[in-house]
1. List the trypsin sites (Lys or Arg not before Pro) within the stretch 1-70 that fall in a DSSP loop (any state other than H, G, I, E or B) and whose Cβ has at most 12 other Cβ atoms within 10 Å.
2. Output the pairs from 7/59; 7/67; 35/62 with a Cα-Cα distance over 22 Å in this structure; if there are none, say none.
Amino acid sequence: MSKLTNKKHILFCEEYLANGMNGTAAYKSVYKTVKKDKVAEASASRLLSSVKVKEYIDKNIKKTTDKLEIKREDMLRGTLEIAECYDELKRLALKEKLSSTEESKFARLSMIVKASDANKSRDMIIRANGWNEPEKQVIDHKGIEAINISIKRNNDDGGRD
């Protein structure tokens, strides 16, 4: 793993992490002469595709989540709670008439769902840690041999379907 040494690239990464992972804004913040969003967006995209930049960002996200002791289950639980609040809010919104208790509940849920922008940061943490990807399964070489034999037999049928 090679280390990121370009000072402007490091500043870009720090700004990118600080502003909620907005590449365009981070690029414009570091490279002050760039005024057009399209130029900043394209340049940020190019930087974000760099292996060194990706490694720097991933390492710092991991450091932060480790420091905060954020666990996958906690993040998923929080996301699920917001989704459940949204479902209940939608159910109440579709009712023709609400009782005073339901109106109070509707108001509280509305605040929670509006505050769900915090959910975006959860999403970023989940994706950055690869927690949204399925668990990897190990296939032993015997399984691969069986697949190869099956494919070979199908290909040896003289090209007929």
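Any read-out appearing in this document is the output of simple, stated calculations on the displayed coordinates, not a laboratory observation. This one's a predicted model, so the numbers in the text were calculated from it and none came from an experiment. Here the Cβ positions follow ideal geometry from the backbone for every residue, glycine too, while neighbour counts run over all protein chains shown.
1. Working: sites: 3, 7, 8, 28, 32, 35, 36, 38, 46, 52, 54, 59, 62, 63, 67; in loops: 3, 32, 35, 36.
Hits after loop and neighbour filter: 3, 32, 35, 36.
2. Over 22 Å apart, Cα to Cα: 7/67; 35/62.
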